[in-house]
1. Looking at this structure, is residue 265 among the charged types (D, E, K, R) and in the same structural domain as residue 110 (by TED's automatic domain parsing)?
2. Hey, residue 166 hits all of (1) away from the ligand (no atom under 16 Å from the Cβ); (2) surrounded by fewer than 16 Cβ atoms within 10 Å (Cβ to Cβ); (3) within 17 Å of residue 326 (Cβ to Cβ) but one; which does it fall short on?
3. I need the full set of residues from the stretch 240-261 which are closer than 17 Å to residue 185 by Cβ and part of a loop (DSSP other than H, G, I, E, B), in order please.
4. Could you please find all residues in the stretch 119-162 being touching a residue at least 12 places away in the same chain (Cβ under 8 Å), over 26 Å from residue 107 (Cα atoms) and of a type in the set (Asp, Glu)?
5. When both residues are 6+ apart or on different chains and their Cβ atoms are under 9 Å apart, which pairs have a first residue that lies in the stretch 1-17 and is closer than 13 Å to residue 352 by Cα and part of a loop (DSSP other than H, G, I, E, B), and a second that is of a type in the set (S, T, N, Q) and away from the ligand (no atom under 11 Å from the Cβ)?
6. Take the residues of the stretch 200-239 that are near the ligand (Cβ under 9 Å from one of its atoms) and in a helix (DSSP H, G or I): which is surrounded by the fewest Cβ atoms within 10 Å (Cβ to Cβ)?
7. Might you let me know whether the stretch 323-330 holds any residue that is closer than 25 Å to residue 210 by Cα, of a type in the set (Phe, Trp, Tyr), in contact with a His (Cβ under 8 Å, 6 or more places away or on another chain) and in contact (Cβ under 8 Å) with a residue 24 or more places away in the chain?
Amino acid sequence: MTVTKGLEGIVATTSSISSIVDGVLTYRGFDIDDLAENASFEETAYLLWFGSLPTSAELETLNRDLSAFAPIPEQVIEQMKLYPKDTNTMAALRTAISSLALYDDDADDMSREANEIKAVKLQAQLPTVVAALARIRKGLEPVAPKEGASIAENFLYMLWGKQPDIVSVKALDAALVLHADHELNASTFAGRVTVATLSDIYSGVTSAIGALKGPLHGGANEAVMKMLEEIGSLDAVEPFVRGKLERREKIMGFGHRVYKNGDPRAKHLMKMSLELGTMKGDTTLYEMSVKIEDLITGQKGLKPNVDFYSASVYTQLGIERELFTPIFAISRVSGWTAHILEQLGDNRIIRPRAEYTGLVEQKYVPIEQR
Ligand code: ACO
């Protein structure tokens, strides 16, 4: 047996959803740079699920379905009000999304048609759940989704309880496009493993949320913001980074299993971070981030990943740190569900082996003799 720690370099499936070749990320053959500049998040989700960009009529139908599915069961809202107010937001999200299945009569219908509907439903409901969790934590009543708004607009509307400005909506929409899919990343793999047992799509997405929560994956964007808060000022960047490097501690938001010459999504978020800072008349967070990047890239050769500049982007949008990873999930649920549909379309249970390194030839000893 050859053991490859962390499955590095192992090709575990075929997929026609997204690819990373020579540092270029594509969704269904479209370069992420092209989509980030031109596509809406809804068009991107449609592309991931159905393989091509939607026509106007197809997009209109999708938007109508997303609006119709966006409200969540009252029972789920009532349960969320019982969660401890200071609980980890991703833990709360994982629990709430799992509970949505209890109120969907078609949760266990494994037909392609039913699963496609549930993919759209999960995409529609995840932003409603995140916004409701955020408001409940602050002691506020959740705001119902409004009809006819995009996912980005609706999320900010439900979060803030008022119509968001166009700049914030556009920035969030672009961030959602950039996070939508990423080949066989850890959370997508977790979702595929779960449904490969022929478990349901809610279980798959719940597994994926659990995997995304970790700081080595989606949780890194919150860790980046924590670090920026801890550093506090531009002058404090250098001693902070030097200390981290001397202690051989990881700097969150840097490095990647697949990209060794930089994450193609990072440059878009870096540009957004500068634009938002300039508009608000305070580019401190952007400047601190650039200084950290210069030091880490200069000394370790590590480049920022998608999580690094998204931290300052979301903060400058006025979004609290605890929602960064849930926002990642709002976007990535499109990719997770596309992969789940693909997995179920040509399924085989995913069951690798482990090389045993434990004790051998043990004999049972009665408890009183141990
Ligand atoms: N800071 C400092 N050193 C690092 C960092 C970092 N962020 N990332 C990697 N390194 C170093 C490691 O210490 C290791 O050095 P060594 O060989 O001297 O021991 C070497 O680079 C290789 O790193 P690994 O952790 O083995 O790389 P792996 O491919 O297993 O992990 C990962 C990739 C998890 C992304 C890693 O780079 C990391 O922990 N980064 C910080 C967390 C992060 O930003 N995660 C988000 C990734 S993007 C996403 O999931 C959405």
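1. Taking the combined requirement at face value, the residue does not satisfy it.
2. Looking at each condition in turn, residue 166 falls short on (3).
3. Within the stretch 240-261, 252, 253, 255, 256, 257, 258, 259, 260 qualify.
4. Listed by number, the list holds a single entry, 153.
5. So the pair list comes out as 10/4; 13/343.
6. Selected residue: 223.
7. yes
Matching residues to (1) under 16 Å from residue 152 (Cα atoms); (2) among the charged types (D, E, K, R); (3) in the same structural domain as residue 138 (by TED's automatic domain parsing); (4) more than 19 Å from the chain's Cα centre (by Cα):
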{"residue": "17", "(1), (2), (3), (4)": "no, no, yes, no"}
{"residue": "20", "(1), (2), (3), (4)": "no, no, yes, no"}
{"residue": "23", "(1), (2), (3), (4)": "no, no, yes, yes"}
{"residue": "30", "(1), (2), (3), (4)": "no, no, yes, yes"}
{"residue": "44", "(1), (2), (3), (4)": "yes, no, yes, no"}
{"residue": "64", "(1), (2), (3), (4)": "yes, yes, yes, yes"}
{"residue": "71", "(1), (2), (3), (4)": "yes, no, yes, yes"}
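The values are calculated or read from the model by the stated rules, or taken from the named source; none is laboratory data. Nothing here was measured: the structure is a model prediction, and the numbers come from that model. Glycine gets a Cβ as well: all are built from the backbone with ideal geometry, and neighbour counts include every protein chain shown.
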